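One structure below.
The values are calculated or read from the model by the stated rules, or taken from the named source; none is laboratory data. None of the values given here were measured: they were computed from a predicted structure. We place every Cβ from the backbone using ideal geometry, glycine too, and count neighbours over all the protein chains shown. These accessible areas exclude ligands, DNA and RNA; they are computed on the full protein's heavy atoms, side chains included. Shrake-Rupley method; radii C 1.70, N 1.55, O 1.52, S 1.80 Å.
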Amino acid sequence: MTDPAYLRLGLPATASPLAVLRAAVRALHPDTRAVRGFRTARKRFYRQMLCAHAARQVAGAQSPG
């Protein structure tokens, strides 16, 4: 199952990890990015987006056709 937050980024499966990270940063509200106490949560969010993208690329590479 694909993460709904990842789907909202609207990226193609061919996007680079850097493009995924940039889109994930832009997806967060500026106030959320500014709170130092949310740093660990932001890092976890970025990792989840990168993992979801990698899983999508692997699934796309393994699909027939």
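Remarks
- Unit charges at the beta carbon, dipole of the chain: most positive-side option, 20, 55, 2: 20
- The local environment of residue 36, defined by Cβ-Cβ distances under 14 Å, has a net charge of +3 under the rule Lys, Arg +1 and Asp, Glu -1.
- Over the chain, relative contact order from alpha-carbon pairs under 8 Å, at least 6 apart, %: 48 percent
- Electrostatic tally near residue 53: other residues with Cβ closer than 14 Å to its Cβ, Lys and Arg +1, Asp and Glu -1, net +3.
- Counting only protein chain heavy atoms and rolling a 1.4 Å probe, the accessible areas of 20, 25 rank, largest first, as 25, 20.
- Karplus (6.51, -1.76, 1.60) ³J(HN,Hα), θ = phi - 60°, over the range 19-32, in Hz, Gly and Pro reported as x: 5, 5, 4, 4, 5, 5, 5, 5, 6, 7, 5, x, 5, 5
- Alpha-carbon radius of gyration plus Dmax, which is the widest Cα pair, for the chain in Å: 12.9, 46
- For the chain, the solvent-accessible area of protein heavy atoms averages 75 Å² per residue (probe radius 1.4 Å; ligands and nucleic acids excluded).
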